[in-house]
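Asker: Take this structure first; my questions come after.
The values are calculated or read from the model by the stated rules, or taken from the named source; none is laboratory data. This structure is a prediction, so every number in the text was calculated from the model and none was measured. Heads up, the Cβs are rebuilt from the backbone with ideal geometry, glycines too, and the neighbour counts pull from every protein chain shown.
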Amino acid sequence: MAQVKIHFLAFCSLFITSAFLCNAQVPSQHDQLRISVWAEVDAFPGLFGDEENYEQLRSTQNSVPQNQDGNSLTKTDLFSTAITRTKQVAPFLLNGMINGWTFDYTPKDNLRGVSEYFELAFIREFDESYNPITYHDPEAVDGKLFSWAYCNRTMVQQLDYERWNSITNPKVHGTGQGPVYAGMDGIRQAVAEAAKNAIHEYWRRKIKNKPKEIWGKLLLVGEPRIYISEGRYTVDLDFFMQTDKIVEYTQY
C-alpha cells in the first residue's frame, strides 16, 4: 500500500512539473513578440541576410537548383520569392499586434436597404527603426518556407499593451478568407474579413437592434494562424476590441 502511495505521489509530481513546463513555454507578449510565419516557395528558400541560415537551409536539400542556363543559383536567388513574402507578412502581422487598427463598420440591413461597409486601417505605420524584426530557424517543408519572426516592444508599447489587456477591452475572435492568387493582398483581405466577423459576432450577441455604425480599434493578440483552404488564404485570429462609438438608427 505504501509503495502504491509513493508511486501515486511521484506521478502527481511529474504531472504538475510537466504542466508547469508547458505553461512556461508559452511566450509572453508583453515584452517580446514571436510569431510563426510561412510563405510558398518555388524550389529553394533564399537568404535572410544571414550566412548561417543559408548554410542551414542548403544542408537540408539534396542538390543545389540551377537556372535556365544550367548555372547554379546564387544565394540571393534561393527562395527569393518566399523571403520577400515573409518580409511582407511579418511586419503586417506584428504591426497589428503592436499598434493595431482603427475600424469603421456599417452592418448590412436589408430592411433599410443599407449595404455593408467595413474599413480597417492601421493606427500608425510599422517602423522597423523602433521595432526591428529578426528571423530565426528557417526551414523548407512541403513547398513552404517556415521561420520565426521576433520583435521587441518598446517601453511605451509595453504600457500601451497593458492598457489594452484590461477587462474593459473584450477579446473577440474571427476567421476570414482571401484569394491565394492575390498574394499579399489576399492575406490583407482575409485579415480584414476576420476583423469584421469578430466585431459582428460580438455585437450581434450584445445588441438587440442592429446598429447603424460602429467605430473602434482592434489589437491582434495570441498566435496568428494562417493556412490555405480550397485555394484561399484562411486566417484564424484573436483581437482585443475597443469600441469608441455605436450609432443607433434612432439617433440623429
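Asker: Only one of (1) within 15 Å of the chain's Cα centre (by Cα); (2) under 17 Å from PHE103 (Cβ atoms) fails for GLU201. Which number is that?
Answerer: Answer for GLU201: the failing condition is (1).
Asker: Is it the case that the range 181-194 has a residue that's in contact with a His (Cβ under 8 Å, 6 or more places away or on another chain) and buried (at least 20 other Cβ atoms within 10 Å of the Cβ)?
Answerer: No, the range 181-194 has no match at all.
Asker: Taking the residues in the range 195-216 that are of a type in the set (A, V, I, L, M, F, W, C) and under 12 Å from ASP238 (Cα atoms) as candidates, determine which candidate is surrounded by the most Cβ atoms within 10 Å (Cβ to Cβ).
Answerer: Once the filter is applied, the top-ranked residue is ALA195.
Asker: Do you know which residues across the range 81-115 are at pLDDT below 95 and either in contact with a His (Cβ under 9 Å, 6 or more places away or on another chain) or aliphatic (A, V, I, L, M) (or both)?
Answerer: ALA82, ILE83, PRO107, LEU111, VAL114
Asker: Filter the range 204-252 down to the residues that are without any contact (Cβ under 8 Å) to a residue 40 or more places away in the chain, at negative phi and not in a strand (DSSP E or B) and list them by number.
Answerer: Result: ARG204, ARG205, LYS206, ILE207, LYS208, GLU248, THR250, GLN251, TYR252.
Asker: So, of the residues in the range 217-252 that are among the aromatic types (Phe, Trp, Tyr) and surrounded by fewer than 17 Cβ atoms within 10 Å (Cβ to Cβ), which turns out to be nearest to SER36 (Cα to Cα)?
Answerer: The extreme case among them is TYR227.
Asker: Still on this structure, I have one more. For the range 111-146, what are the residues that are over 17 Å from the mean Cα position of the chain (by Cα), within 29 Å of ASP244 (Cα to Cα) and assigned to a strand (DSSP E or B)?
Answerer: Result: VAL114, TYR117, PHE118, GLU119.
Asker: Can we say GLN158 is buried (at least 18 other Cβ atoms within 10 Å of the Cβ) and modelled with pLDDT of 95 or more? Reasoning before the result, please.
Answerer: Values: buried (at least 18 other Cβ atoms within 10 Å of the Cβ): no; modelled with pLDDT of 95 or more: yes.
Criteria not met by GLN158.
Here is a yes/no grid of residues against (1) of a type in the set (A, V, I, L, M); (2) within 30 Å of LYS208 (Cβ to Cβ):
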{"position": "THR81", "(1), (2)": "no, no"}
{"position": "THR106", "(1), (2)": "no, yes"}
{"position": "LEU120", "(1), (2)": "yes, yes"}
{"position": "PRO132", "(1), (2)": "no, no"}
{"position": "GLY176", "(1), (2)": "no, yes"}
{"position": "MET184", "(1), (2)": "yes, no"}
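Asker: Look at ALA149 and say whether it is surrounded by 13 or more Cβ atoms within 10 Å (Cβ to Cβ) and in a strand (DSSP E or B).
Answerer: Spelling it out, ALA149 is indeed surrounded by 13 or more Cβ atoms within 10 Å (Cβ to Cβ) and in a strand (DSSP E or B).
Asker: May I pose another question? Quick one: in the range 74-125, of everything that is basic (Lys, Arg) and exposed (fewer than 14 other Cβ atoms within 10 Å of the Cβ), which residue is nearest to HIS200 (Cα to Cα)?
Answerer: That would be LYS108.
Asker: So the check is Cβ under 6 Å with 6+ separation or different chains; which pairs have a first residue in the range 155-178 that's touching a residue at least 40 places away in the same chain (Cβ under 8 Å) and a second one that's basic (Lys, Arg)?
Answerer: That search, which allows pairs on different chains as well, returns GLN177/ARG232.
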